[in-house]
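These notes are about the structure you will find just below.
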Amino acid sequence: MNLLNKESYIIKLIQFGAIVSIIIISIFITQIFIQEKQNTLDSDIKKMEENFLSSNKTVVENLVNKIYNLIELEKKFEKDDFDLEAKEEVYQAYSIVMNIYNEKIKEDNYSEEKTIESIKKALREIRFNNDGYLFIYTMEGKNILNGEFPNLEGKNLWEYTDSKGTFIAKEMSEILKSKDETFYEWYWKESSNDETEYKKIGFFKKIPTLNMYIGTGYYEKNFKEQTQKRILKKLNNFKLKAPEYIFIYDLNGISLVNPKKELLGTNRYNIQSEDGQFNLRNMIQFSIENKEGFIRYNSTIKLNDSLTSNDKISFIKLYEDWNWIIGSGFYLEELNNNIKEKKEALILSNNKTINNIILIAIVVTFFMIIISFYLSKTINNIFFNYKKRIDLEVNNLLEKEKILIQQSKMATMGEMIASIAHQWKQPLSIISMSNGLLKINSEIKDFSTPQEITNAIKNIDHSVHNLSQTIDDFKNFFNPNKEKVVFSILDAFKDTFKLINSQFKNNDIEIVQNIKEIELLGYKNELLQVLINLLKNSKEELIKKPNSMKKYIFISVDKNENKIIIKIKDNADGIPSDIINKVFNAYFTTKEKCGGTGIGLYICKQIIETSMQGEISVSNVKYEYEGQNYVGAEFEIIFPIRL
């Protein structure tokens, strides 16, 4: 594709690319919005289903807990009433005792026995709550009065124990030593014919003037029966908002509270559901093991005739004091019907939103196309103006790059010419001396032996060969060959040393080599230029040091996995930290006074990284050599082996 075709392509891309891109992006974004909305809908539906189930579970759980707490509260109120009634009964009896005593004590012929008989006669027939009767004991445990068990009167019950092993008279006497009245629990027969003792709750009050105490009590089982009847009656008359309801069963399977009133009092322990399950048995077992929780089952009772399924979830809780199971539940079909209605409403709302998104997308896309068309025209004009400026800048940069490369070559050439001059001194001197010898022999016969003349001729031939070889080496270095070849890095260093070795010997700089025989695919002459530049930089820094100082340059070439690593370091104390990051910049130099151009290391970086796809870096290193510590700059070149 030539330049004109490229420009035409770019112009068309500016004119129509933006419009096509806007349409594609608009469709893509619209699709994303629609998909996101659909995902949101799916998420909302799933969340709604979870929330509906969770909400229904919460409703029935709260209702069961409400009934549970109501029973607890009612039971407490009922007990408080029984306790208060027992207390009031004792207070009234105490008042009667004190009135009789106060009347009798005034009589001249006062008799304690007659007074006690009058008290017994007055209190014997008093009853409350059917089973409540009065009794009187002396502080030493002798029974004075017992409204239900008159056969105990006159007997001392100090050593008597109830079925739990409690010494009732002893314990009561001890309690009333520190207080005047108290509530108390013990076990006692309900009638003289009973073999079983039942728990009683009573109230006792001390009669100090007679050294006695009076009391009464009620049987807990009778209190429990009366309380249960009153609470069940109240619960069965509860009016709950549909579809809320409660049910209560005892652990024998008797229905105590049920929304189906005809089932009250029936035993449903052995009733099976359509799937053959004994639901009530399972509930009873579940409540005994877990105390409370949710249970799913196929109900045997249908509260809504419109339902086709009896699949149900209930929350049940065991009321352990009375062995009751309190529960409430909901039918999954009703739940699913509610979810279906909400789901349809959500889908309808979602479809409306999607239609609005599509409409907005079309309108926005239309306006964006108009704006894009106008902008593409404007950009097209700007493009032509910028193109002219860019072409001009590119041409300038290319010219500058050519100048930089030429400057680098000229700087290197100057060094090379000095090296050639030095390397030619010895061969030229030998030629001159040999030529002088031959001249003398031409003038003075037999001045030299034939062997000396032959050696002189050989010296001239050898020196001429050396001069020719030097010229070939420099010619090869400046050969502009840009074809990649496989070459030995060791050979590249040997060629480098041929060109500049004399400069290092003259300045007493020792080059320590550790170069492995490794082959590389690349441009040999360009690598030579880099190596010469790096070695020359080290030389220039080392010659600034005192003559007494040992001067070293260390070269190592190694292979590490898939990399070739070349390291060149000196002992010239390194590069100042404030400029080390600038040394590869074009025209950066610290040698202005010595004619430095600042392009040597820049060209090195361009060759290594651009031409040979490698890496070059520099750092200051500390190291030890022959027992001496040194600091110097280390240049590291890395080539991938794939080159």
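The values are calculated or read from the model by the stated rules, or taken from the named source; none is laboratory data. As the structure is a computational prediction, the values presented were derived from the model and not from experiment. As a convention, Cβ positions derive from the backbone with ideal geometry for all residues, glycine included, and neighbour counts pool all protein chains shown. Calculation scope for accessible area: heavy atoms of the full protein, side chains included, ligands and nucleic acids excluded. Shrake-Rupley method; radii C 1.70, N 1.55, O 1.52, S 1.80 Å.
Here are some notes:
- Of all residues making up segment 286-329, the number that are more than 17 Å from Asn69 (Cα to Cα), hydroxyl-bearing (Ser, Thr, Tyr) and assigned to a strand (DSSP E or B): 2
- Residue match in segment 70-87 (condition: part of a helix (DSSP H, G or I), among the β-branched types (Val, Ile, Thr) and under 60 Å from the mean Cα position of the chain (by Cα)): yes
- Residue, farthest from Pro208 (Cα to Cα), within segment 176-195, restricted to residues that are open to solvent by 40 Å² or more (accessible area, probe 1.4 Å) and touching a Lys or Arg at 6+ places or on another chain (Cβ under 7 Å): Tyr187
Let's see how each residue does on (1) buried (at least 16 other Cβ atoms within 10 Å of the Cβ); (2) on the phi > 0 side of the Ramachandran plot; (3) of a type in the set (Gly, Ala, Ser):
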position: Gln35; (1), (2), (3): no, no, no
position: Ser43; (1), (2), (3): no, no, yes
position: Thr58; (1), (2), (3): no, no, no
position: Asn62; (1), (2), (3): no, no, no
position: Ile71; (1), (2), (3): yes, no, no
position: Phe82; (1), (2), (3): yes, no, no
position: Ser95; (1), (2), (3): no, no, yes
position: Glu113; (1), (2), (3): no, no, no
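- Answer from Lys582, Lys605 - the residue that is among the charged types (D, E, K, R), in a helix (DSSP H, G or I) and over 19 Å from Phe497 (Cβ atoms): Lys605
- Residues of segment 530-571 satisfying the condition of being of a type in the set (S, T, N, Q) and buried (at least 20 other Cβ atoms within 10 Å of the Cβ): Asn533, Asn537, Ser538, Asn571
- Members of segment 141-175 found to be open to solvent by less than 30 Å² (accessible area, probe 1.4 Å) and in contact (Cβ under 8 Å) with a residue 24 or more places away in the chain, listed by number: Gly141, Ile144, Leu145, Gly147, Phe149, Asp162, Ala169, Met172, Ser173
- Residue match in segment 117-130 (condition: modelled with pLDDT under 95, farther than 29 Å from Glu103 by Cα and buried (at least 18 other Cβ atoms within 10 Å of the Cβ)): no
- Failed criterion for Trp324 (all others in (1) aromatic (Phe, Trp, Tyr); (2) touching a strand residue (DSSP E or B) at 6+ places or on another chain (Cβ under 7 Å); (3) farther than 18 Å from Arg268 by Cα; (4) open to solvent by less than 60 Å² (accessible area, probe 1.4 Å) hold): (3)
- Failed item in (1) closer than 18 Å to Asn211 by Cβ; (2) touching a residue at least 60 places away in the same chain (Cβ under 8 Å); (3) not acidic (Asp, Glu), with Gly132 passing the rest: (1)
- Inclusion of Tyr91 among residues that are over 30 Å from Trp322 (Cα atoms), open to solvent by 80 Å² or more (accessible area, probe 1.4 Å) and at pLDDT 95 or above is warranted.
- Residues that are open to solvent by 20 Å² or more (accessible area, probe 1.4 Å), among the polar types (S, T, N, Q) and at pLDDT 90 or above do not occur anywhere in segment 579-588.
- Residue pairs meeting the criteria (Cβ under 9 Å; at least 6 apart or on separate chains; first in contact (Cβ under 8 Å) with a residue 24 or more places away in the chain and surrounded by 13 or more Cβ atoms within 10 Å (Cβ to Cβ), in segment 225-253; second assigned to a helix (DSSP H, G or I) and small (Gly, Ala, Ser)): Leu251/Ser287
- Condition broken by Tyr137, with the remaining ones in (1) open to solvent by 50 Å² or more (accessible area, probe 1.4 Å); (2) within 25 Å of Ile96 (Cα to Cα); (3) assigned to a strand (DSSP E or B) satisfied: (1)
- The set of residues in segment 272-292 being touching a Phe, Trp or Tyr at 6+ places or on another chain (Cβ under 7 Å) and of a type in the set (A, V, I, L, M, F, W, C) consists of Leu280 alone.
- Selection of segment 222-237 for residues being of a type in the set (A, V, I, L, M, F, W, C) and closer than 11 Å to Leu256 by Cβ yields Ile231, Leu232, Leu235.
- Breaking point among (1) among the β-branched types (Val, Ile, Thr); (2) free of Cβ contacts under 8 Å to residues at least 60 places away in the same chain; (3) in contact with a strand residue (DSSP E or B) (Cβ under 6 Å, 6 or more places away or on another chain), for Thr138: (2)
- Taken as a whole, the condition of being charged (D, E, K, R), touching a helix residue (DSSP H, G or I) at 6+ places or on another chain (Cβ under 8 Å), open to solvent by less than 20 Å² (accessible area, probe 1.4 Å) and within 15 Å of Phe135 (Cβ to Cβ) does not apply to Lys205.
Okay, residues lined up against (1) under 22 Å from Glu72 (Cα atoms); (2) modelled with pLDDT of 90 or more; (3) in contact with a Ser or Thr (Cβ under 7 Å, 6 or more places away or on another chain):
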{"site": "Asp250", "(1), (2), (3)": "yes, yes, no"}
{"site": "Lys260", "(1), (2), (3)": "no, no, no"}
{"site": "Gly276", "(1), (2), (3)": "no, no, no"}
{"site": "Met283", "(1), (2), (3)": "yes, yes, no"}
{"site": "Ser287", "(1), (2), (3)": "yes, yes, no"}
{"site": "Ser306", "(1), (2), (3)": "no, no, no"}
{"site": "Ser314", "(1), (2), (3)": "yes, yes, yes"}
{"site": "Trp324", "(1), (2), (3)": "yes, yes, no"}
{"site": "Ser328", "(1), (2), (3)": "yes, yes, yes"}
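- Selection status of Glu85, out of contact with any helix residue (DSSP H, G or I) (no Cβ under 7 Å at 6 or more places or on another chain), among the acidic types (Asp, Glu) and free of Cβ contacts under 8 Å to residues at least 12 places away in the same chain: no
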